[in-house]
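Working notes, beginning with the structure itself.
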Amino acid sequence: MDSDVGIGSEDGDEVQVKKGRGCLPWIIVLIVLLGGAGATAFLMGTIITREETPLPGEEFITDIGLRTIAVPGEFQNKRIPKTQAVSVAKGKDLFSGECAQCHGAGGKGDAELGRTMYPPAVDLTKNRTQSKTDGQLYWLIAHGVNLTGMPAWGKDYGGPNNDDEIWSMVAYIRTLK
């Protein structure tokens, strides 16, 4: 006699007894859902309660994205134009009025406003900035950086500055040490 067939009627006829799948599949589904919910809660809790400084590696990953994805190829190798309209002195004046609020007077990212942002304002004296090409710096200043406190400063992108003024800021940033 098979385990799924049994005698169950008064006249002795065999009656089919169907076995269910049991509750194992439901337990597996419940465990998967609870695991997903726990992972989501952990991730969101980590994001919400995180420190005010970027985690190790975040700056590196961000720079890779900015260098390879955000800045169009035609700007990668552009250089500061050698015209009278572009000058370090002009860049310093513009920097003092616009950039120093967040990056500090010396560009070290030490201004109160810049320190309280997430991510904090970048220290423009470090290799992270100084190793970028002139064209990359131009693009980042003119367009700003999404999901940060860095606004677009280029006139074509909603900011107050024309191309020569942006290039002047790039020239000034190159002098920061």
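The values are calculated or read from the model by the stated rules, or taken from the named source; none is laboratory data. As the structure is a prediction and not an experimental result, all values here were calculated from the model. Quick reminder, even Gly has a Cβ in these numbers, built from the backbone with ideal geometry, and neighbours come from all protein chains shown. For the accessible areas, the whole protein counts, side chains as well, though only heavy atoms, and no ligand, DNA or RNA atoms are used. Shrake-Rupley method; radii C 1.70, N 1.55, O 1.52, S 1.80 Å.
Could I have the simple spin-label model distance between T116 and T46, label points 7 Å from Cα toward Cβ, reported in nm to one decimal?
Going by the 7 Å Cα→Cβ label model, 2.9 nm.
Through the Karplus equation 6.51 cos²θ - 1.76 cosθ + 1.60, θ set to phi - 60°, convert the phi angles of the stretch 94-107 into ³J(HN,Hα) values in whole Hz; use x for Gly and Pro.
5, 4, 4, x, 10, 8, 5, 4, 10, 8, x, 4, x, x
Could you pull the accessible area for D156 with a 1.4 Å probe, rounded to 10 Å²?
About 120 Å², ignoring ligands and nucleic acids.
Once you have the Cα-Cα distance between E59 and R174, take 0.36 nm times their residue separation minus that, and quote the gain in nm to one decimal. Don't skip to the end; give the middle numbers.
Working: separation 115, 0.36 × 115 = 41.40 nm, distance 2.02 nm.
Working it through step by step, the gained length comes to 39.4 nm.
Calculate one ³J(HN,Hα) per residue across the stretch 148-161 by plugging θ = phi - 60° into the Karplus curve 6.51 cos²θ - 1.76 cosθ + 1.60, and present them in order as whole Hz with x for glycine and proline.
Working through the residues one at a time gives 9, x, 7, x, 7, 9, x, 4, 5, 10, x, x, x, 10 Hz.
What ranking of L176, L147, L34, L113 comes out by heavy-atom accessible area, probe 1.4 Å, highest first?
Values: L176 10, L147 170, L34 115, L113 85 Å².
I get L147, L34, L113, L176, largest accessible area first.
Using the structure shown, list the pairs from K82/K126; K108/K132; K82/K108; K126/K155; K92/K155; K155/K177 with a Cα-Cα distance above 21 Å, or answer none.
On the way: K82/K126 25 Å; K108/K132 16 Å; K82/K108 27 Å; K126/K155 27 Å; K92/K155 18 Å; K155/K177 28 Å.
In this structure, K82/K126; K82/K108; K126/K155; K155/K177 lie more than 21 Å apart at Cα.
Using a 1.4 Å probe on the protein heavy atoms only, what accessible surface does E74 show? Give it in Å² to the nearest 10.
120 Å²
Rank by packing, highest mean first: peptides 83-96, 131-144, with packing defined as the count of other Cβ atoms within 10 Å averaged across residues.
On the way: 83-96: 15.4, 131-144: 20.4.
Ranking, from highest mean packing down: 131-144, 83-96.
Based on the Cβ-Cβ distance of N77 and D156, what FRET efficiency does E = 1/(1 + (r/R0)^6) give at R0 = 22 Å, to the nearest 0.05? Spell out each step's value before the answer.
Numbers: r = 20 Å, r/R0 = 0.92.
Between N77 and D156 the formula returns 0.60.
Provide the FRET efficiency to the nearest 0.05 for the A39-A70 pair, computing r from the beta carbons and using R0 = 30 Å. Let's see the in-between values first.
Working: r = 29 Å, r/R0 = 0.98.
Computed FRET efficiency for A39 and A70: 0.55.
Take the alpha carbon atoms of the stretch 50-162, find their radius of gyration, then divide it by 2.2 N^0.38 Å using N residues; give the quotient.
Against the empirical 2.2 N^0.38 Å value, I get 1.06 for the stretch 50-162.
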